[in-house]
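Written out below as C-alpha cells is the structure these notes cover.
The values are calculated or read from the model by the stated rules, or taken from the named source; none is laboratory data. Owing to the predicted nature of the structure, the values given are computational and were not obtained by experimental measurement. Positions of Cβ are backbone-derived with ideal geometry, glycine not excepted, and every protein chain shown enters the neighbour counts. Keep in mind that these areas ignore ligands, DNA and RNA; they rest on the heavy atoms of the full protein, side chains included. Shrake-Rupley method; radii C 1.70, N 1.55, O 1.52, S 1.80 Å.
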Amino acid sequence: YQGHFSWDKYLKETSAIAAPAHCFKQSTTPPVNEFKAGMKLEAQDPRNTTSTCIATVVGLTGSRLRLRLDGSDNKNDFWRLVDSSEIQPIGSCEKNGGMLQPPLGFRLNASSWPMFLLKTLNGAEMAPARIFHKQEPPPPEQNHFQVGMKLEAVDRKNPHFICPATVGALRGVEVLVTFDGWRGAFDYYCRYDSRDIFPVGWCALTGDNLQPPGTKAGLPRPLGASGVLPDSSVEGTDMLMPPAPSRPPAQKRRKPGRKKGRPSIS
Ligand code: MLY
C-alpha cells in the first residue's frame, strides 16, 4: 500500500531520475517470500556477526523477514531479505562444522545455553530449506550511482520503514542515502551493493508499505493562490520547486547528546 504517494508524479515534480536497476544488488523480480510467522531458522547475530544463532520469524513484510533471536529480548528485532546469505535453514551451521551460539545479550546464564537450545528446537517449526533462496543477486561490478538519483531505502534507525531517498553524495564505493523530506538525521553512507537500498518501484512490487516523503525539508511545495509561496506550506506536492540547497553530511549536523544508531523518536 503506497498511500497517495506516486513515484511517477514525484519524479516529475522533482525533475529527478530513478537510479537504474543495474545500480543495485537486488534481483529484478523481488524474491518470493514463502516464510510464515513462527518459523525458525539460523541467522548471523547482527550485533556479533561471527556468531550464528537461532532466530524466529516474528513478522513478514514484502520480501523481508522480521527476525528475533531466540533467547534475546524483543527490543532488538532485525529485518532481512529472504534472499540474504545471512539466513540459513536450521542445521546449516552444524553441517559446516560450526556451533550455534547464544545471542549477544542472552537473557539466561551462559551455562544454560545447551539446554535452552535443546528446548528451543524441540518441536519447533523449522523453515524448510526449499523456501530459502540459493544465493544473493550478484553485485554490480562498480558504483554506478549518481548524485541526485532517487531510490527506496531502509531507514536504518527505524528499519521497518522503506522510504523515498536521494543519492546525496558519492565517496568511492559508498553512497550517501538522504531521506526525502527529512532534515538529515536519518541519512547514512552505505556501500553501493548494500541490501538496504532498492530501485524505485521495489515496494510496489513486493507489497511493502513505502513511506511517503517527510514534510520537514526539501519537498516540492505548492504556490499559494497569489502565486506567492506561503510560509508554512509543506503539504501538497503539485507544483514544481527548485531543488533544495545541498546539505552537509548528517553526522556533522547531529545534535549533541544524541546517540548514533538508536531508533529515533522524532
Ligand atoms: N519517530 C519518527 C520516525 C521518523 C522516521 C523517519 N524516516 C521515515 C526517514 C516520527 O514518527 O516522526
- Note on the structure: Taking first residues from region 158-179 that are without any contact (Cβ under 8 Å) to a residue 40 or more places away in the chain and more than 18 Å from R64 (Cβ to Cβ) and second residues anywhere that are open to solvent by 40 Å² or more (accessible area, probe 1.4 Å) and within 16 Å of the ligand (Cβ to nearest atom), the pairs with Cβ under 8 Å that are 6 or more apart or on different chains are R171/Y189; E174/Y189; V175/Y189
- Provide a single number: the residues in region 123-135 that are assigned to a loop (DSSP other than H, G, I, E, B), touching a strand residue (DSSP E or B) at 6+ places or on another chain (Cβ under 8 Å) and either surrounded by 13 or more Cβ atoms within 10 Å (Cβ to Cβ) or at positive phi (or both). 3
- Name every residue in region 174-216 that is within 16 Å of the ligand (Cβ to nearest atom), under 21 Å from I17 (Cβ atoms) and among the charged types (D, E, K, R), in order of residue number. D180, D187, D196
- Residue pairs qualifying under the 7 Å Cβ cut-off, at least six apart or on distinct chains, with the first in region 91-107 being of a type in the set (K, R) and the second being open to solvent by 50 Å² or more (accessible area, probe 1.4 Å), are R107/D73
- Run S84 past the list (1) under 24 Å from L205 (Cβ atoms); (2) in a strand (DSSP E or B) and report the number of the one that doesn't hold. (2)
- Message: I'd like the full set of residues that are near the ligand (Cβ under 10 Å from one of its atoms) and surrounded by 21 or more Cβ atoms within 10 Å (Cβ to Cβ), limited to region 156-173.
- Response: I162, C163, P164, A165
- Message: I'd like the residue in region 11-49 that is hydroxyl-bearing (S, T, Y) and over 21 Å from the mean Cα position of the chain (by Cα) and, out of all such residues, is most open to solvent (accessible area, probe 1.4 Å).
- Response: S15
- Item | Single unsatisfied condition, D8 versus (1) under 19 Å from the mean Cα position of the chain (by Cα); (2) farther than 18 Å from G91 by Cβ; (3) open to solvent by 20 Å² or more (accessible area, probe 1.4 Å) | (1)
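Please state which one of L117, L100, L151 is within 16 Å of the ligand (Cβ to nearest atom) and either surrounded by 15 or more Cβ atoms within 10 Å (Cβ to Cβ) or of a type in the set (S, T, Y) (or both). Talk me through it step by step, then tell me what you get.
Numbers: L117 fails: within 16 Å of the ligand (Cβ to nearest atom); L100 fails: within 16 Å of the ligand (Cβ to nearest atom).
Just one listed residue meets the conditions, L151.
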- Message: Just to be sure before I move on: is K150 of a type in the set (D, E, K, R) and out of contact with any Ser or Thr (no Cβ under 9 Å at 6 or more places or on another chain) in the structure I sent?
- Response: no
